[in-house]
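Trainee: One structure follows; several queries about it will come next.
All of the numbers you see were taken from the coordinates with simple rules; none came from a lab. If you're wondering where the values come from, they're calculated on a predicted model, not measured in any experiment. Because the Cβ atoms are built from the backbone with ideal geometry, glycine has one as well, and the counts that use them run over all protein chains shown.
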Amino acid sequence: MNKRLILLLLLIIPLLADAQFRRKRYKYEVVLSVGATNFLGDVGGANAIGTHFLKDFNFSVTRPSVAAGLRYKTNRYWAAKVDLFWGQVNGDDALTKEPYRNNRNINFKSPIVELSGRLEGYFTQDRGGHLYRLKNVHGMKRKDIQAFGFIGIGAFWFNPKGKYTDGKWYALRPLSTEGQGLPGGPKEYSRVSMCVPLGLGMKFAIDQTWSIGLDYGIRYTLTDYIDDVSGVYYNNTAILAAKGPIAAYFADPSISRYPPGIAHFPGEDVTAPGQERGNPKYKDAYMFMSVTVNYKIPYKRRTRSKF
């Protein structure tokens, strides 16, 4: 065999072995995040009717969020990650100039506690840098930027509350604001639902173990009740009799039952039983945007004692 080829193999094999070791050494990564969340649903939203998802974004109801996660890097291009998120979503019809929503006058807030898993695909390699720090050697730097996309599945808990005229917040689900659980009304909704996280992220490596990044994801959910609004108005007199005056208020806190320019016909009661209160065609969604701090857990090789 050619001596030059043998020499080349002797140089390449240690480099390949070291690369394999680095990948094994840094497969696990702890991720801590702090950021903001925003709600996309029936309550509040943009100053136009018929808008959905990002078109219905309202910056003024953005609230804080935190998260912790564990990433497992399977190779240079793929990773699996488990996340635990906490955030709060808000909505308020008083903040939109869209006439129907503004007249409806519903407000809510709800915590979001989400446990999810996702698959990440990286557009660039996770580079480890030079094996040796030699002078006048040019090539890959130890710092790099990675961009990735992700999709996953998760479960989350929510608990919508509304602000009453006395300034106190009341849990809305037990009040059956759309007649849930009452005769002729829909069934009670669950405060636990599924979601599909989808988004993009990036990381900037500081050194071999630490990096900072930015993570944006939207959560498409299987519920339309994060804001306690989905279907039609129920008989408010029946809600008053079954649940009391506070429930009757939250079922219909509208400014006017006969607002000019909103009803299809003059003098139409827009909050009468059967009239539209929400839009069940589109499920609720929420977003997280976070700044991340990532720490790669070094892997310690086990060595056997030699006698």
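Trainee: Suppose R0 equals 25 Å. What FRET efficiency, 1/(1 + (r/R0)^6) with r the Cβ-Cβ distance, do Leu214 and Lys27 give to the nearest 0.05?
Mentor: The computed FRET efficiency comes out at 0.65.
Trainee: Taking the Cβ of Lys168 as the center, what net charge do the other residues with Cβ under 13 Å away carry, scoring Lys and Arg +1 and Asp and Glu -1?
Mentor: My count for the surroundings of Lys168 gives +2.
Trainee: Next question. Which pairs in the list Lys55/Lys187; Lys55/Lys109; Lys163/Lys296; Lys161/Lys203 are over 32 Å apart, alpha-carbon to alpha-carbon?
Mentor: Among Lys55/Lys187; Lys55/Lys109; Lys163/Lys296; Lys161/Lys203, the Cα-Cα distance tops 32 Å for Lys163/Lys296; Lys161/Lys203.
Trainee: Take the Cβ-Cβ distance between Leu119 and Phe265 as r, set R0 to 51 Å, and report the resulting FRET efficiency rounded to the nearest 0.05.
Mentor: Values: r = 52 Å, r/R0 = 1.02.
Efficiency for this residue pair is about 0.45.
Trainee: Same structure again: List every residue whose amide H lies under 5 Å from the amide H of Trp78, counting only residues 5 or more places away in sequence or on a different chain, with H placed 1.01 Å from N in the peptide plane.
Mentor: Sorted by chain and number, the residues that satisfy this are Tyr122.
Trainee: Checking the a/c ratio against 1.5 first, then a/b against b/c, what shape does the Cα gyration tensor give for the range 20-297?
Mentor: Because a/c hits 1.5 or more and a/b exceeds b/c, the range 20-297 counts as prolate.
Trainee: Mind ranking 250-257, 72-79 by how tightly packed they are, going by the mean number of other C-beta atoms within 10 angstrom, highest first?
Mentor: Values: 250-257: 18.1, 72-79: 14.8.
Top of the packing list down: 250-257, 72-79.
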